[in-house]
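In what follows, a structure is listed as structure tokens, so that the remarks can point back to it.
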Amino acid sequence: MKNFLIFFSFLLIFSACEQKNEQKINERASINNQKSKKNNFGIILHGGAGTILKEHMSDSLEVAYKEILEKAIRTGYEILENNGSSLEAIAATIKIMEDSPLFNAGKGAVFTHHDTNELDASVMVGNTQDAGAISGVTRIKNPIDLAIKVMTDSPHVMLSGEGAEQFASEKGIELVDPSYFFTENRFKSLQRIKDSEKTELDHDGKTALVSPGQNDSKFGTVGAAALDKHGNLAAGTSTGGMTNKKWNRIGDAPIIGAGTYANNATCAVSSTGWGEFFIRAVVAHDISALMEYKGLTLKEASEEVIQKKVPSLGETAVLLPLTKRAIW
Ligand code: ASP
């Protein structure tokens, strides 16, 4: 019995030691984890698809673009550095670009065929996979704010048009007169496209539409994806869509899974490019799904979608994917 007791107490001590060791290891692991989480945060942004040729970009315009992009990314980064959430970071980053006339989102939104501006935006967070989106709004100063409100303060994921604006005014989101969105450059772009439509009509008598991917119709959509110190991903996208769009056309930007997607288990994505292709290829979710179900890395999954899937439908893809380990 004595032997048994000694053995038993040895076992207890051993197991206590083991527990202590385990506790120490766990403590160390959690400190390391916290340390690595503290250092493992980041934000990326985009200001739209398309190639702006050097000859179309004056030095002063280039400086202006760089200034806004830098201000936007620094603002988001500082939020993350100060322990803010990835959602707060992408919202602040996107809002800075929405407030600039340089980007096709918010203030600088492109014109529809009917000389109006219709804005789309969406947001998604990776921990709960909550999402919010709005489409076809004409009076919302910062569409990304409204997309977030839809996510946090409504039972829905997507609201559109007048209903979305009514929700916005009930929730204290800033509304502006539609004339706020008038910018000379965007209006001229619309006239150029309308003129080329006329030329085509004169030419063959039947082509009434210029492809929305042509010319300067797809520059400047904005988006961001971030990882915060708590390990949460978020992504958001905001756009005026494509110049000369008709019939209340809605692009990919407000479509969860096409324009925006976030999942803590995989990645956060914001897309820009010709929306019709992005909707058909469900690009943002596809990248996540390839990672989740096939175990591909972010790079492999993005290559699959950008270099194979979207081109197989006839368009080139531009995406901004971010994962906890890598930006591709
Ligand atoms: N994806 C946007 C849309 O189709 C346009 C863009 O990204 O430039 O509405």
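Divide, for the stretch 232-328, the radius of gyration over alpha carbons by 2.2 N^0.38 Å, where N is the residue count.
Its radius of gyration relative to the 2.2 N^0.38 Å reference: 1.03.
What percent does the relative contact order of the stretch 76-173 come to when contacts are Cα pairs within less than 8 Å and at least six residues apart?
Relative CO of the stretch 76-173 lands at 19 percent.
Jot down the per residue volume, in cubic angstrom and as a whole number, of the convex hull over the alpha-carbon atoms of the stretch 77-171.
98
List, in the order given, every pair from K54/K308; K95/K188; K71/K141 whose Cα-Cα distance in the structure shown is over 26 Å.
Beyond 26 Å between Cα atoms: K54/K308.
With charges only on Cβ, +1 for K and R and -1 for D and E, what is the dipole size of the stretch 258-322 about its Cα centre, in debye, rounded to 20?
Here the size comes out at about 40 debye.
Hey, rough spin-label estimate for E78 and L175, points 7 angstrom out along Cα→Cβ, what's it come to in nanometres?
3.3
Give the ranking of E81, E303, E165 by solvent-accessible surface, highest area first, calculated with a 1.4 Å probe.
Solvent-accessible surface, decreasing: E81, E303, E165.
The values are calculated or read from the model by the stated rules, or taken from the named source; none is laboratory data. Note that this is a predicted model, so its numbers are computed, not measured. FYI the Cβ positions are ideal-geometry reconstructions off the backbone, even for glycines, and counts take in every protein chain you see. Heavy atoms of the whole protein, side chains included, go into the accessibility calculation; ligands, DNA and RNA do not. Shrake-Rupley method; radii C 1.70, N 1.55, O 1.52, S 1.80 Å.
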